[in-house]
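The values are calculated or read from the model by the stated rules, or taken from the named source; none is laboratory data. Please read these numbers as outputs of a predicted model, since none were measured by experiment. Quick reminder, even Gly has a Cβ in these numbers, built from the backbone with ideal geometry, and neighbours come from all protein chains shown.
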Amino acid sequence: MVTQTPTLGEGTGSVGKRPDALALGQLAMLVVLGVIFWFVAAMAVLFGSSAGVFGPTASVLTFVLVVPICWLSVLFVKKVARLEAGQTVPGIAVGVVAATLCDGIALTWGRQLYGTDPAQITLGAAWILWGVGLFLLFAYLTDQRQVIAAR
């Protein structure tokens, strides 16, 4: 008979509580941080589009610049929300859900929040989506690094 080595989270913690489950305080903090990060990104689109940073050539620079910002932001969120190993991906996902809901509402009923030029708004929205993808990627990489380090 072959036995499997327990993975991180199996057979640990109290009965009925998963070790990767987020506490109510963590969830609230993640929602607040998601809304704050969305608003900062929306303001970056508003002021950046009027400054021309979302043009075809300039967008390359903004896409590259946001990479280290997202990496550091994931580390910041992880620290502020006190996320442990295995909680980074679900935690960042909660923040991303809050931000995405705000973005969908604003793009539908408050597009002027992002600016007045539809082409610039579209390029800014693409930049926000790029950032969302980076947040999730870096959350995954952070959790994977912690799992490997725990072995």
(request) Quick one: SER49 ticks every box in (1) farther than 16 Å from ALA125 by Cβ; (2) at pLDDT below 95; (3) in a helix (DSSP H, G or I) except a single one, so which number is it? (result) (1)
(message) For the list (1) loosely packed, with under 14 Cβ neighbours inside 10 Å; (2) in a loop (DSSP other than H, G, I, E, B), I need the number of the one condition that GLY115 fails.
(response) (1)
(request) Kindly provide the set of residues from the stretch 46-71 that are in contact with a helix residue (DSSP H, G or I) (Cβ under 7 Å, 6 or more places away or on another chain) and closer than 21 Å to PHE138 by Cβ, ordered by number. (result) SER59, THR62, PHE63, VAL66, VAL67, CYS70, TRP71
(request) Mind listing whichever residues of the stretch 38-55 are hydroxyl-bearing (Ser, Thr, Tyr) and surrounded by 14 or more Cβ atoms within 10 Å (Cβ to Cβ)? (result) SER49
(message) Among the listed residues THR62, THR108, THR122, identify the single one that is of a type outside the set (A, V, I, L, M, F, W, C), at pLDDT below 95, assigned to a helix (DSSP H, G or I) and surrounded by 19 or more Cβ atoms within 10 Å (Cβ to Cβ).
(response) THR62
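Given the options VAL97, VAL35, VAL31, VAL74, name the one that is crowded, with 19+ Cβ neighbours inside 10 Å, in a helix (DSSP H, G or I) and touching a helix residue (DSSP H, G or I) at 6+ places or on another chain (Cβ under 8 Å). Working first, answer last.
On the way: VAL97 fails: crowded, with 19+ Cβ neighbours inside 10 Å; VAL35 fails: crowded, with 19+ Cβ neighbours inside 10 Å; VAL31 fails: crowded, with 19+ Cβ neighbours inside 10 Å.
Result of the check over VAL97, VAL35, VAL31, VAL74: VAL74.
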(request) Report, ordered by the first and then the second residue, all pairs with beta carbons closer than 7 Å, sequence separation of six or more or different chains, a first member in the stretch 22-43 that is over 18 Å from LEU75 (Cα atoms), and a second member that is surrounded by 22 or more Cβ atoms within 10 Å (Cβ to Cβ) and modelled with pLDDT under 95. (result) ALA42/TYR114
